[in-house]
Every structure is written in structure tokens, then in C-alpha cells.
Amino acid sequence: MDLHEQEWQAIRQNRLNRAKKWLRYLPKRSTFARYKFLRWFGDGLLKRRYLWSFKYEAVRPALYAGWILTLLPVMGAQTLIASILAVIFRANIMILVALQMISNPLTVGLLWPFEYKVGEKFLKLLDGSNQLGLNVTAREILGHGSIGYKGACFLKITLAIVIGAIILGYICGAISCYLYKYFTQRNAITYQQFLLSKEREASKNQKHPQSLHSNSKK
């Protein structure tokens, strides 16, 4: 193994170590094997490659679906729904499930009111003049008061939270996809590119041998 190959192996090992530091926060395959509900999908579920792939084709739907799901008011069933979405969209199940940790009893007190404000603003902006009838109260829509005042208020709040969660989840997914693609492309140096950079460095050194010699004396 020559000097270039040794340096290339060192670069690859450093990249691998950085990736492992990030991957340690994601749930492992052995963790998913303990979930009984995954058996509903068959024994071959854990062997499907796209569930564990970090290619952009598998990460992109995981980020979009994961962010939207974690912001939706479905606490208690997030892991099950995330597993189903991973199979439907052929997404990375580790990323999808890991994003559900953002939404927990300590954070929903901040997330849901903010989502409600976003959803309420969106509905008012979408139908400010009530041309589509979106400003009609839920009580009037569902049987002229048959669900009661509290039921109507609950339905209106839930609808606003769901719409706000979808909007914010899509925005967070888009930002996450951009950052993931940016950093992966930035760090994705091939062996051929590495050799080319070394050739350019060697050619520069040959063009300026005197300056290098003087610097070495200093």
C-alpha cells in the first residue's frame, strides 16, 4: 500500500467515525426486532434494504413523513404509524422513528399551540372572504349544534393543529432534505477525486520549488 492509499484509507476512516457518531442517536435494527407489531408486515420486513438505506431516495421521504408525523397530534401511536409509512413510501425507518422523539409530553405544550396558530392563520388567509365556506363553524357543519359547543370547539382546534402540523412539517422536511443533500455531497469525495487533488498539489509544488525550499529553511 503506497502513501496515497494509506492517506485515502485514513480519510475514509475519519468519515466513517463521524457517521457513527451521528448514527448512535438512531434506533438500531435490533431495537426494531423487539417490536411485536412489526411482525404484522411479515418476517422479511427487517431484511428490506430501503428501510436501512441512507441514500437520498430513502432519506427524503423519511424526513418529510417523519416531520409531519411528529407534529401531528397522534401521540401514543407514532412508532406504529412511522413503521407503516416507512413501508408505504420505501423510506428509512430509523430516521422516521427517530424524528418522533421530538414530540413528547414535554414539547407538545409548545408545539401544538404554535401549530394551531399557523393552521388558524392559514385558514383565514385561504378563505378570508368566506367564499369557500371555511369560516363556517364546525357546529353548523355537523348538524346545527348536535355535537355541542365544546365538541365544535374541539373539532376546530384539532383541524387547525393538523393543518399547521402539515405546513410546518413540510417546511422542516424541505430544510432537512436540503441540509442532508448539501453535507453528503460536500463530504462525498471519491478516490479518483482524491488522486486528482494530489496530482494538482504535486504539480503546484513542481512549479514553485524555490519557495518551498526557502520555507523549509525558515
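The values are calculated or read from the model by the stated rules, or taken from the named source; none is laboratory data. Quick caveat, the model's predicted, so the values are computed rather than measured. For neighbour counting, all protein chains shown are included, and Cβ atoms are generated from backbone atoms with ideal geometry for every residue, glycine included.
Here's the yes/no breakdown for (1) at pLDDT below 50; (2) on the phi > 0 side of the Ramachandran plot; (3) surrounded by 13 or more Cβ atoms within 10 Å (Cβ to Cβ):
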site: Leu142; (1), (2), (3): yes, no, yes
site: Gly148; (1), (2), (3): no, yes, no
site: Ala152; (1), (2), (3): no, no, yes
site: Lys156; (1), (2), (3): no, no, yes
site: Gly169; (1), (2), (3): no, no, yes
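Tell me, please, whether a residue that is among the small types (Gly, Ala, Ser), surrounded by 16 or more Cβ atoms within 10 Å (Cβ to Cβ), at pLDDT 90 or above and not in a helix (DSSP H, G or I) can be found in region 107-121.
Taking every residue of region 107-121 in turn, none turns out to be among the small types (Gly, Ala, Ser), surrounded by 16 or more Cβ atoms within 10 Å (Cβ to Cβ), at pLDDT 90 or above and not in a helix (DSSP H, G or I).
Within region 78-95, work out how many residues are assigned to a helix (DSSP H, G or I) and either acidic (Asp, Glu) or within 13 Å of Arg49 (Cα to Cα) (or both).
The qualifying residues number 4.
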